[in-house]
Structures are given as C-alpha cells and as structure tokens.
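Visitor: Pasting in a structure now, in structure tokens, and then I'll have a few things to ask.
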Amino acid sequence: MTSQHALRAIPSEDRAWLLAALADALGDGAPVLPLPPGTEPSDVEALLDAPLPAETALVIRTSGSTGVPKAVALSASSLLASARFTHEALGGPGGWLVTLPSHLISGAQMLVRSVVSGIDPVFLDGHFDPASLVHTAERMSAERRYVSLVPVQFSRLLDLAEQDPDAADTLRRFDAVLVGGQAVSLELRRRAHDLGVALRRSYGMTETSGGCVYDGVEIGDTRVRIRGGEVQLAGSTLALGYVDAPEAIADRFIEECGRDGEMTRWYRTGDAGELLGGMLTVTGRLDRVLVSGGVNVSLDRIEEVAREQRGWESAIALATPHPEWGQRPTLVIETVADAVPFDDVQAAIRDRLGPAAVPEWANEMAEIPRLLGGKPDLIAVEAWVQQLRQSFREIRDAETGSRRTDAHTVHREDHA
C-alpha cells in the first residue's frame with residue numbers, strides 16, 4: 001500500500017513551519033520531507049513524485065558520507081516509539097537544545113521528542129561554536145535539559161569547559177549529553193568523566209529513527225544480534241523502508257522466523273560489532289576494510305587508535321594502492337600545533353593492531369570537510385588525497401624527466 005497523502009517538502013530553516021508540519025504528520029497528517037538550506041527544486045522533484053509506503057510520516061535523506069544518499073521512510077509509530085524510549089532511558093521528558101541539522105534524523109528526532117514532551121526546543125543558531133552553545137544553553141528554562149552532539153562538537157565543547165569553569169557548570173547542567181554518529185573515544189569519555197558531564201553514547205541511524213542503543217544497551221523494545229560479524233537490529237523503531245528502492249529494502253530489511261514461530265523484521269546495519277556481556281561494541285564498518293599483504297585491516301580500528309593520541313583526534317584512515325602490498329592505510333588529520341609525532345602514532349597502531357595496520361603516510365589539512373551532520377565527508381577527503389598523490393606523481397615524473405634530459409646532454413657533450 002502507498003500513503004494517501006502527498007509528501008510536503010519544508011525548508012528546515014523555517015522552524016515554526018517544520019515543527020507544526022511534523023506535529024501534524026505524527027497525528028496522521030501529510031508526511032514531511034525536511035530540506036537542507038539551498039536545496040534546488042530539481043533535487044527533490046523525483047522524490048516528491050515517488051510513491052510512499054503507507055503510514056509514512058517523515059522522509060529523511062541519509063547523509064551519504066560514504067556513498068549515494070537514500071531516502072528513508074519513517075512511520076509516526078516508529079518515531080514516537082523512539083522518542084518515548086529515549087525519554088524513558090534518560091529519566092523523563094525534557095527540553096532539547098537542537099544543535100544538529102533538522103533535515104537529518106539526529107536533528108529531526110530532537111523535534112519529535114519536543115513535540116512529544118510539549119516543551120519547545122531551543123535552537124543553536126549559525127555555525128557550531130562551543131561558546132555560542134554554552135550561551136544558548138543558559139537560556140534554557142526546562143527542568144530537565146538534553147542536547148545531542150557528534151564527537152567533534154563534543155570534543156570542542158570539552159576544550160572550552162576545561163578552560164572555563166562557568167562553561168563547565170553549564171555543561172554539567174544537562175541531564176544527558178547524547179553523543180553519536182561516530183565512535184566516542186576512550187579519551188573523550190575520560191575527559192567527560194573528569195568534568196562530571198552526563199555523557200550518554202548513542203548508537204543508531206536513520207533506519208532506526210535515531211539512537212536505539214545507549215552506552216551499549218538497547219532501549220525500549222530494541223533487539224540486537226550479531227550475524228556474520230554484522231550488527232543487526234530489530235524493534236518498533238525500524239523504518240518502513242526506502243522510497244522507490246525495492247532492491248535496497250530487500251538487501252537491508254530482512255524477516256526471519258524465530259524459535260517461537262513469530263516473524264521478526266531485522267535491519268542489517270553494515271556495521272561490524274560484538275556482544276560482550278550483553279553490551280554492544282561497534283568496531284567499525286564492514287565495508288571499511290582493506291587487504292594489505294593478505295591481511296584484513298579495519299580502517300575504523302586504525303582511526304580509533306590514532307584518535308587516542310594527542311592532536312590526532314580528527315584522524316581519518318583511508319585505503320591507498322600500494323605496488324607491493326596491494327593496499328596500505330594512510331591518515332589525514334587537521335593541522336594541530338602540539339600533535340604527537342607521526343612515529344609515535346605508528347608505534348601505537350603497530351602495538352595494538354599489528355604491522356599491516358601501520359599507515360605509511362599522514363597528510364595534514366587545514367580543515368577536514370564535513371557533512372552538515374558533522375561527520376567527515378569521506379568522499380571529499382579521498383578526492384583530496386588522490387589529487388595530492390597525483391600532484392606528487394607529476395612532480396616526481398617531471399624531476400625524473402629532467403634528470404634524464406641532463407644525463408643525455410652530458411653524454412652528447414662527452415662525445416662531441
């Protein structure tokens with residue numbers, strides 16, 4: 001079946017309209033498609049004309065950090081279940097400081113939670129700045145206060161809080177600081193603990209209506225299992241599927257009959273993980289694995305170890321071709337003045353992950369390009385690295401050609 005309502009495209013910067021339309025959609029009104037600033041009409045024409053699954057309340061286009069974005073259809077029941085489970089896990093409804101884009105599930109879910117709680121959200125305006133966040137948070141009046149961040153934002157906020165006692169007090173005033181979208185390093189967790197910040201690590205995605213595992217433990221009726229090393233999720237927060245993409249639905253959403261004879265719908269995340277003592281540990285992406293000299297190496301694990309080193313918190317690991325080993329990892333970081341030497345980073349990676357995981361190169365960027373949700377734009381970073389390596393090859397070839405010309409000239413002169 002398809003939805004009886006037409007999809008409404010609403011600019012995410014029109015907050016009042018988006019909130020009102022979202023509240024209507026959650027009450028069986030027309031489904032909503034939040035649009036990022038600057039979206040061209042031609043970018044969404046096909047999506048607006050596509051048939052939607054029945055019960056669609058919200059359509060979110062995924063960020064596409066590693067590939068082609070998909071449009072995810074979410075029902076009101078899934079979104080409301082996610083909001084209810086979150087409030088139960090955090091200790092009750094509260095006011096949300098919206099710091100993430102509302103056209104992504106991370107930001108949109110904060111609006112859903114606000115609709116459910118009846119407490120107006122507070123928005124952080126402009127480009128993310130730790131001081132602005134602290135200033136905005138001081139205007140919040142709700143008894144319980146929440147905020148959701150990505151690790152790079154949280155790290156910069158901790159930088160400020162460690163230098164400014166007033167900022168630290170404001171940060172401690174939050175009943176929970178959700179941090180997700182990427183792995184939260186042990187170093188970030190230690191710093192948050194030292195400051196007394198109520199950090200909650202969130203794991204989830206658009207296809208699960210946002211976070212559904214907090215600090216490694218499922219919330220609500222979420223179920224987690226590992227199959228073939230892959231994290232798979234089930235529960236009432238799962239999306240209806242993808243818009244006009246039946247092959248992707250069949251690949252990612254599967255149904256299996258359990259021992260009780262009941263059918264369960266599972267979402268294949270594509271993430272690698274482990275269940276230890278009933279707690280989920282996500283170890284990386286299954287598709288972010290390179291083969292170096294016949295050894296499988298996880299790029300996410302390399303990043304995890306590198307980011308524990310001072311000044312390397314922004315590290316991104318990429319696979320690059322190698323004439324002898326097939327592939328070798330390389331690192332890209334934002335320029336930091338007091339970063340530990342690359343040799344120390346290589347040694348730490350060798351000790352933890354073995355010689356095949358040791359990156360041969362590290363390149364610095366003034367600023368790593370990021371998607372609107374805060375995740376690194378891996379496609380843009382890879383393109384930059386390829387361009388940089390091509391420039392090196394051209395310089396090397398030019399120097400080699402010059403030496404050959406000089407040698408040929410000397411040879412002719414010697415025999416004149």
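Visitor: If only one of LEU171, LEU233 is surrounded by 20 or more Cβ atoms within 10 Å (Cβ to Cβ), over 21 Å from MET263 (Cβ atoms) and either at pLDDT 95 or above or touching a helix residue (DSSP H, G or I) at 6+ places or on another chain (Cβ under 8 Å) (or both), which one is it?
Guide: LEU171
Visitor: Sticking with this one: For residues that are modelled with pLDDT of 85 or more and in contact with a strand residue (DSSP E or B) (Cβ under 6 Å, 6 or more places away or on another chain), tally how many sit in the range 307-326. Step through it out loud before you land on a result.
Guide: From the range 307-326, those modelled with pLDDT of 85 or more are 307-320; that's our starting set.
Going one step further and asking which of them are in contact with a strand residue (DSSP E or B) (Cβ under 6 Å, 6 or more places away or on another chain), we end up with 312, 314-320.
The total comes to 8.
Visitor: I've got another one for you. Exactly one condition in (1) over 17 Å from the mean Cα position of the chain (by Cα); (2) aromatic (Phe, Trp, Tyr); (3) open to solvent by 30 Å² or more (accessible area, probe 1.4 Å) is false for PHE128; which is it?
Guide: (1) is the only condition that PHE128 fails.
Visitor: OK, next. Of all residues in the range 55-65 being among the β-branched types (Val, Ile, Thr) and within 20 Å of the chain's Cα centre (by Cα), which is surrounded by the most Cβ atoms within 10 Å (Cβ to Cβ)?
Guide: Taking the range 55-65 as the starting set, the residues that turn out to be among the β-branched types (Val, Ile, Thr) are 56, 59-60, 62.
Right, trim to within 20 Å of the chain's Cα centre (by Cα) and you get 59-60, 62.
Details: VAL59: 29, ILE60: 27, THR62: 18.
For the range 55-65, the residue satisfying everything is VAL59.
Visitor: Exactly one of (1) in contact with a Cys (Cβ under 7 Å, 6 or more places away or on another chain); (2) open to solvent by 10 Å² or more (accessible area, probe 1.4 Å) is unmet by GLY261. Its number?
Guide: Looking at each condition in turn, GLY261 falls short on (1).
Visitor: To continue, here is another question. What are the pairs, 6+ residues apart or on separate chains, where a residue within the range 133-157 that is farther than 19 Å from PRO101 by Cβ has its Cβ under 7 Å from a residue that is part of a helix (DSSP H, G or I) and among the polar types (S, T, N, Q)?
Guide: Note: pairs meeting the criteria are VAL134/THR170; GLU138/THR170.
Visitor: While we're looking at this one, here's another question. Might you let me know whether the range 219-227 holds any residue that is touching a helix residue (DSSP H, G or I) at 6+ places or on another chain (Cβ under 6 Å) and farther than 26 Å from ALA71 by Cα? Talk me through it step by step, then tell me what you get.
Guide: First pass over the range 219-227, keeping only residues touching a helix residue (DSSP H, G or I) at 6+ places or on another chain (Cβ under 6 Å): 219-220.
Keeping just the survivors that are farther than 26 Å from ALA71 by Cα gives none.
No; the residues of the range 219-227 include none that is touching a helix residue (DSSP H, G or I) at 6+ places or on another chain (Cβ under 6 Å) and farther than 26 Å from ALA71 by Cα.
Visitor: Go through (1) assigned to a loop (DSSP other than H, G, I, E, B); (2) at pLDDT 95 or above; (3) not charged (D, E, K, R) for GLN182 and report which single condition fails.
Guide: (2)
Visitor: Something else now. Mind counting the residues in the range 361-384 that are touching a residue at least 12 places away in the same chain (Cβ under 8 Å) and part of a helix (DSSP H, G or I)? Reasoning before the result, please.
Guide: Filtering the range 361-384 for residues touching a residue at least 12 places away in the same chain (Cβ under 8 Å) gives 361-379, 381-382, 384.
Checking which are part of a helix (DSSP H, G or I) leaves us with 378-379, 381-382, 384.
Within the range 361-384, residues that are touching a residue at least 12 places away in the same chain (Cβ under 8 Å) and part of a helix (DSSP H, G or I) number 5.
Visitor: Does ASP125 satisfy being without any contact (Cβ under 8 Å) to a residue 60 or more places away in the chain and closer than 23 Å to ALA16 by Cα? Outline the logic, then answer.
Guide: Working: without any contact (Cβ under 8 Å) to a residue 60 or more places away in the chain: yes; closer than 23 Å to ALA16 by Cα: yes.
Here the answer is yes, as ASP125 does meet what is asked.
Visitor: Restricting to the range 21-54, count the residues that are more than 15 Å from ALA73 (Cβ to Cβ), open to solvent by 50 Å² or more (accessible area, probe 1.4 Å) and within 27 Å of the chain's Cα centre (by Cα).
Guide: Residues flagged as more than 15 Å from ALA73 (Cβ to Cβ), open to solvent by 50 Å² or more (accessible area, probe 1.4 Å) and within 27 Å of the chain's Cα centre (by Cα) within the range 21-54 amount to 7.
Visitor: Which pairs do you get when a residue that is without any contact (Cβ under 8 Å) to a residue 40 or more places away in the chain and among the charged types (D, E, K, R), found in the range 22-37, comes within reach of a residue that is assigned to a loop (DSSP other than H, G, I, E, B) and open to solvent by less than 30 Å² (accessible area, probe 1.4 Å), reach meaning Cβ atoms under 9 angstrom, with the pair 6+ apart or on two chains?
Guide: So the pair list comes out as ASP24/ALA30.
Visitor: Being over 24 Å from the mean Cα position of the chain (by Cα) and of a type in the set (Asp, Glu) is the filter; apply it to the range 339-373 and report the residue that is most open to solvent (accessible area, probe 1.4 Å).
Guide: The residue in question is ASP351.
Visitor: Still on this structure, please answer the following. Just give me the residues in the range 70-94 being in contact with a strand residue (DSSP E or B) (Cβ under 8 Å, 6 or more places away or on another chain), open to solvent by less than 10 Å² (accessible area, probe 1.4 Å) and within 27 Å of ASP251 (Cβ to Cβ), in sequence order.
Guide: VAL72, ALA73, LEU74, SER75, LEU79, SER82
Visitor: Then there is this: For the range 95-124, give me each residue that is in a loop (DSSP other than H, G, I, E, B) and crowded, with 21+ Cβ neighbours inside 10 Å. Even if it seems obvious, please write down each step before you answer.
Guide: Pass one, the range 95-124, residues in a loop (DSSP other than H, G, I, E, B): 99-104, 118-121, 124.
THR99, LEU100, SER102, HIS103, LEU104, PRO121, listed by residue number.
Visitor: Report the residue count in the range 301-333 for those that are more than 18 Å from the chain's Cα centre (by Cα), farther than 20 Å from LEU186 by Cα and without any contact (Cβ under 8 Å) to a residue 60 or more places away in the chain.
Guide: Within the range 301-333, residues that are more than 18 Å from the chain's Cα centre (by Cα), farther than 20 Å from LEU186 by Cα and without any contact (Cβ under 8 Å) to a residue 60 or more places away in the chain number 11.
The values are calculated or read from the model by the stated rules, or taken from the named source; none is laboratory data. Note that the structure is a prediction, hence the values are computed from the model and not measured. With ideal geometry, Cβ positions are generated from the backbone for all residues, glycine too; neighbour counts draw on all protein chains shown. Heavy atoms of the whole protein, side chains included, go into the accessibility calculation; ligands, DNA and RNA do not. Shrake-Rupley method; radii C 1.70, N 1.55, O 1.52, S 1.80 Å.
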